[in-house]
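Written out below as structure tokens is the structure these notes cover.
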Amino acid sequence: MNCVSFSLTPDPMTTTQNASPTATPLHALNTRRSFKFLRAPAPKPEELEQILQAAMSAPDHGALRPWRFVVIQGEAIGKLADLALDAVKRSGDPRMTPEKEKSVREWMAGVPLFIAVAQKIAHDNTKIPEQEQLLATGAATMNLLNAVHMLGYGAFWSTGIGTYVEDVQNALGLDALDYRFLGFLAIGTPACAVPPANRPDYREFVTEWTGPV
Ligand SMILES: Cc1cc2nc3c(=O)[nH]c(=O)nc-3n(C[C@H](O)[C@H](O)[C@H](O)COP(=O)(O)O)c2cc1C
């Protein structure tokens, strides 16, 4: 498992390990960071329910509920690894070398829970543009990531594992004609302490508009 440890003692206020990451709700939002290398335990069943319920509070034009999530855990993770890696190899992707396959298999074997994310395309809806359905699904997924963090676990959104190979989403029951597949959330307990993420100053991204120039 390729987990690069951080040598300082983790600060429980700024990492999710042993965490009390929710000193305040804003502190929780500001300290979320991704953890790729994860191990058991995964969130308990009742925590997973809370995490999934959090997605239902995403903003959603027209109440289309376009988000779909597929929970993958236990032995199903090995089956997903087999299926996705075979599909990627069949697709002829030159990046899927034997070394890459080995490292993906090792990574997936350590992760106790995956949630596949998709947008159900409302083909007949002429009022809500598809991009808004996609944004609602992204917002719902962000709620999942924040809820995972607030419960003291770690997560990583990946569009690897054959996300862009149609056979993979079809095998998950997400027919490519009706669903836009958006990847996988790996979820579990961070396998190693990492430093807090370095975030930019919001001023670089924000202007105030006071009227026409
Ligand atoms: C839709 C989406 C797909 C992503 N796919 C990958 C991926 O396949 N591989 C990867 O290294 N990072 C991927 N990332 C980025 C990581 O999930 C993560 O956000 C990034 O490493 C930065 O970490 P942070 O969330 O702590 O800022 C993806 C992010 C998003 C939003």
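In terms of overall dimensions, the stretch 130-210 has a Cα radius of gyration and Dmax of 16.6, 51 angstrom.
Coupling constants for the stretch 116-133 follow from the phi torsions by the Karplus curve (6.51 cos²θ - 1.76 cosθ + 1.60, θ = phi - 60°), and in residue order they are 7, 10, 8, 9, 7, 7, 8, 4, 8, 7, 9, 8, 9, x, 4, 5, 6, 5 Hz; glycine and proline get x.
If you stretched the chain out fully between Arg95 and Ser57, how much longer would it get, using 0.36 nm times the residue separation minus the C-alpha to C-alpha distance?
Numbers: separation 38, 0.36 × 38 = 13.68 nm, distance 3.79 nm.
Here the answer is 9.9 nm.
Applying a threshold of 24 Å to the alpha-carbon distances of Lys44/Lys79; Lys36/Lys102; Lys79/Lys102; Lys44/Lys120; Lys100/Lys120; Lys36/Lys100 flags Lys44/Lys120; Lys100/Lys120 as lying beyond it. For the chain, what value does the Rg/Rh ratio take when both radii are computed over Cα atoms and Rh is the Kirkwood radius, given to two decimals? Result: Rg/Rh = 1.00.
Each reported figure results from applying straightforward, stated rules to the coordinates on display, with no laboratory input. This is a predicted model, so every value here is computed, not measured.
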